[in-house]
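Visitor: Before anything else, here's the structure in question.
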Amino acid sequence: MTTPDGTSAERGVVNSNAARTPTARLVLGHYPTPVQRLGGLCAPGCELWVKRDDQTNREYGGNKVRKLEWVLGDARARGVARIVTVGGAGSHHVLATTHFAKQIGIAVAAVLVPQPASEHAALVLRASQAQGVRAFRVRSWAAAVPVLAWRMATGAHFVPLGGSSVLGSMGYVDAARELAAQVRTGALPEPDVCVVPLGSGGTAAGLAAGFEAERLRTRVVGVCVASPAWASRIASLWLARACAKKVGVARSLAAVRARLSADTRFIGAGYGHPTQDGEAATDLARAEGLVLDPTYTAKAFACALWHVHSRAAPNILYWHTLSSAPMEPLLGPQSLPIAPQSLPQWLNDDSVTIK
């Protein structure tokens, strides 16, 4: 397989110069991921492109793979035996972390917080359980803090929400450099705007820092998917500035703000709640061969379509972050038959904890 800097490597721990850091990186993905023109959704004077990070890994793709290459590579180099992380009930981050950590012999515990019930969230939750996560269910984000502290006190290595530490965000500095190489070889025009979901902030932050390092004109628009939106915005700006400093292109906060903005118009009722704009975007994306989820990608794609319809810029890039790998192979005979309507009840039942 090829790494984002164009070199060849088998799966394992490698030293990558792509982000100018000596930290060991665990190669999990298959790169470069394709870019594709969405011809049926372009408008006169405005083209829409997609970066297919749904195809980062054939077993389980999406944006978490690039982050985990750095996070798990570091954990393995440190000799970590156990990880604890946090996320919503249907967290793709929890599933991806559990799946890939298991491959290198690291056990994962996750503190799970309720989210709106949906078939998709229930499926992700079942897959996480089947992959071996040890789940600790709490009733609120505030209640997650003492449980995380307890697990860390027992020696578990903490991985933040979404894998969005400075280290995890370096995976998207790599991704920005990968895209820059595709622009230079003519695979797509240089994007004016890159639209990406904004949750924990690491993906948008890494892209912003990477585009700055590559001297692309591309601005990153992070589409807020959860409230309070100000928290996502602050996290992403801080991470972007930290990543820029790490790769040697330290910029002022004003410069980072010019490179990375947050769009709050598509949140709807909040995290995990579908929206009418997202549902319409999902139907249009399906016709182009893209599958969206209501939590992240439907809202981000709705924003990308707004940029096209408003002729905001000549070239719009939507960065697709949802895995397109089939979920069924991740489900085992031990997975729980959790129906969407029973998801909140399952989460709030303190009588059972998955071991």
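Visitor: When you look at Val124, is it among the hydrophobic types (A, V, I, L, M, F, W, C), on the phi < 0 side of the Ramachandran plot, in contact with a strand residue (DSSP E or B) (Cβ under 7 Å, 6 or more places away or on another chain) and assigned to a helix (DSSP H, G or I), yes or no?
Guide: Spelling it out, it is not the case that Val124 is among the hydrophobic types (A, V, I, L, M, F, W, C), on the phi < 0 side of the Ramachandran plot, in contact with a strand residue (DSSP E or B) (Cβ under 7 Å, 6 or more places away or on another chain) and assigned to a helix (DSSP H, G or I).
Visitor: What tally of residues in region 256-296 results from selecting those that are among the aliphatic types (A, V, I, L, M) and in a loop (DSSP other than H, G, I, E, B)?
Guide: Residues in region 256-296 being among the aliphatic types (A, V, I, L, M) and in a loop (DSSP other than H, G, I, E, B): 5 in total.
Visitor: Please find, among Arg151, Arg82, the residue that is modelled with pLDDT of 95 or more and crowded, with 20+ Cβ neighbours inside 10 Å.
Guide: Being modelled with pLDDT of 95 or more and crowded, with 20+ Cβ neighbours inside 10 Å holds for just one of Arg151, Arg82, which is Arg151.
Visitor: Is it the case that Lys64 is of a type in the set (Lys, Arg), more than 15 Å from Ser128 (Cα to Cα) and buried (at least 24 other Cβ atoms within 10 Å of the Cβ)?
Guide: Criteria not met by Lys64.
Visitor: I'd like the full set of residues that are in contact with a Gly (Cβ under 9 Å, 6 or more places away or on another chain) and among the polar types (S, T, N, Q), limited to region 278-301.
Guide: Selection gives Thr295, Thr297.
Visitor: Next question, about the same structure. Does Thr275 fit the bill of being touching a helix residue (DSSP H, G or I) at 6+ places or on another chain (Cβ under 6 Å), among the polar types (S, T, N, Q) and without any contact (Cβ under 8 Å) to a residue 60 or more places away in the chain?
Guide: no
Visitor: Residues in region 127-160 that are part of a helix (DSSP H, G or I) and either within 21 Å of Gly29 (Cβ to Cβ) or out of contact with any Ser or Thr (no Cβ under 9 Å at 6 or more places or on another chain) (or both): how many?
Guide: So the count comes out to 15.
Visitor: Just one of the numbered conditions (1) surrounded by fewer than 21 Cβ atoms within 10 Å (Cβ to Cβ); (2) in a strand (DSSP E or B) is not true of Val108; which one?
Guide: Among (1) surrounded by fewer than 21 Cβ atoms within 10 Å (Cβ to Cβ); (2) in a strand (DSSP E or B), the lone unmet condition for Val108 is (1).
Visitor: Please specify each residue of region 206-239 satisfying the condition of being buried (at least 22 other Cβ atoms within 10 Å of the Cβ), out of contact with any Ser or Thr (no Cβ under 9 Å at 6 or more places or on another chain) and within 20 Å of Val166 (Cβ to Cβ).
Guide: Gly210, Glu212, Leu237
Visitor: One residue is enough: does region 166-175 have a residue meeting the conditions part of a loop (DSSP other than H, G, I, E, B), of a type outside the set (Phe, Trp, Tyr) and either crowded, with 24+ Cβ neighbours inside 10 Å or assigned by TED's automatic domain parsing to the domain that holds Pro34 (or both)?
Guide: No, because not a single residue in region 166-175 is part of a loop (DSSP other than H, G, I, E, B), of a type outside the set (Phe, Trp, Tyr) and either crowded, with 24+ Cβ neighbours inside 10 Å or assigned by TED's automatic domain parsing to the domain that holds Pro34 (or both).
The values are calculated or read from the model by the stated rules, or taken from the named source; none is laboratory data. Small disclaimer: the values here were computed from a predicted structure and weren't measured. Heads up, the Cβs are rebuilt from the backbone with ideal geometry, glycines too, and the neighbour counts pull from every protein chain shown.
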